[in-house]
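Worksheet for the structure shown next.
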Amino acid sequence: MSDRDYWERHARNYDASLRWVLGRPLPRMLELASEAVRGKRRVLEVAAGTGIVTSAIAQTSEIVVATDYASAMVESLEGRVQDAGLNNVSCEQADIYALPYEAAEFDTVVAANVLHLVPDLPAAIEALRKVTKPGGSLVVPTFCHDETRLSWLVSRVLAVSGFPAHRRFTMQSLRKALEESSVKVVGAELLPGLIPVGFVEGVF
């Protein structure tokens, strides 16, 4: 099964499984994400999934373009956006490596819980850089699977179930990966949970 096939098949239970893992860090993650985009005119969200983060960042920014590469995820995303009456959000299917947008089109890019999933991390970050204005921001709340002994164990159990992770971060290794891709880290907070989330803000 390809990575994309996995997400097409799991779109229906994505919210339940994500909330199971993110139950503790989710409220703080959404609070930080909404503050990170406050007042931004154009925000791109990649790997938006079913729109859990989308709903938060749409409240504080002017325009959100929310994307995912799995069609089933986009369908669920559209339903959530419509149900919430979010008139400032457009939902589109797009691959992080081949984003169909103009150079420097966005003020901020939000990539929540996806950096551990992309096969080629430097190429993914470079693709995000291309569509972001010089000096624009990158917001990347990311699961840190190797941060604690418990998260290490949970991550290995998920792997047996077919979860398509390509790397396992700690907060330290997440920051290092971003800095190695020439992202200036300007803020970071570790959100404790079953699998902790490293909430990192950077500038291109």
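Of all residues in the stretch 153-164, those that are under 12 Å from ILE195 (Cα atoms) have Cβ atoms under 6 Å from Cβ atoms of residues that are β-branched (Val, Ile, Thr) and surrounded by 11 or more Cβ atoms within 10 Å (Cβ to Cβ), 6 or more apart or on another chain, in VAL154/ILE195.
When we screen GLN82, GLN59, GLN93 for residues that are open to solvent by 40 Å² or more (accessible area, probe 1.4 Å), in contact with an Asp or Glu (Cβ under 8 Å, 6 or more places away or on another chain) and of a type outside the set (D, E, K, R), the only hit is GLN93.
State yes or no: is ALA33 under 17 Å from VAL197 (Cα atoms) and part of a loop (DSSP other than H, G, I, E, B)? Against the criterion (under 17 Å from VAL197 (Cα atoms) and part of a loop (DSSP other than H, G, I, E, B)), ALA33 does not qualify. The strands (runs of 3 or more DSSP E) found wholly in the stretch 96-204 and carrying at least 1 residues that are surrounded by fewer than 18 Cβ atoms within 10 Å (Cβ to Cβ), at positive phi and at pLDDT 95 or above occupy 132-139.
The set of residues in the stretch 83-95 being in contact (Cβ under 8 Å) with a residue 24 or more places away in the chain and in a loop (DSSP other than H, G, I, E, B) consists of LEU86, ASN88, ALA94, ASP95. Of the residues making up the stretch 76-86, not a single one is of a type outside the set (Gly, Ala, Ser), at negative phi and under 13 Å from the mean Cα position of the chain (by Cα). Might you check whether a residue that is under 26 Å from SER2 (Cα atoms) and touching an Asp or Glu at 6+ places or on another chain (Cβ under 7 Å) occurs anywhere in the stretch 139-147? Looking through the stretch 139-147, none of the residues is under 26 Å from SER2 (Cα atoms) and touching an Asp or Glu at 6+ places or on another chain (Cβ under 7 Å). Restricting the stretch 1-50 to residues that are modelled with pLDDT of 95 or more and under 20 Å from ALA72 (Cβ atoms) leaves a set whose member that is surrounded by the most Cβ atoms within 10 Å (Cβ to Cβ) is ALA48. Looking at the stretch 4-23, can you tell me whether even one residue there is assigned to a loop (DSSP other than H, G, I, E, B) and touching a strand residue (DSSP E or B) at 6+ places or on another chain (Cβ under 8 Å)? No, because not a single residue in the stretch 4-23 is assigned to a loop (DSSP other than H, G, I, E, B) and touching a strand residue (DSSP E or B) at 6+ places or on another chain (Cβ under 8 Å).
Residues of the stretch 119-139 that are over 22 Å from GLU102 (Cβ atoms) and in contact with a Leu (Cβ under 9 Å, 6 or more places away or on another chain): LEU121 alone. Need pairs with beta-carbon distance below 6 Å; first residue within 14 Å of VAL53 (Cα to Cα) and within the stretch 101-118, second among the aromatic types (Phe, Trp, Tyr) and in a strand (DSSP E or B); sequence gap 6+ or separate chains. That search, which allows pairs on different chains as well, returns ASN113/PHE143.
Closer than 27 Å to PHE169 by Cβ and not hydrophobic (A, V, I, L, M, F, W, C): does that describe SER90? No.
Checked against (1) closer than 24 Å to GLU31 by Cβ; (2) touching a residue at least 40 places away in the same chain (Cβ under 8 Å); (3) among the polar types (S, T, N, Q), THR60 passes all but a single condition, namely (2).
The values are calculated or read from the model by the stated rules, or taken from the named source; none is laboratory data. Model, not experiment: these values are computed from the prediction. Cβ atoms come from the backbone with ideal geometry, glycine included; neighbour counts cover every protein chain shown. These area figures cover heavy atoms from the full protein model, side chains too; ligands, DNA and RNA do not enter into them. Shrake-Rupley method; radii C 1.70, N 1.55, O 1.52, S 1.80 Å.
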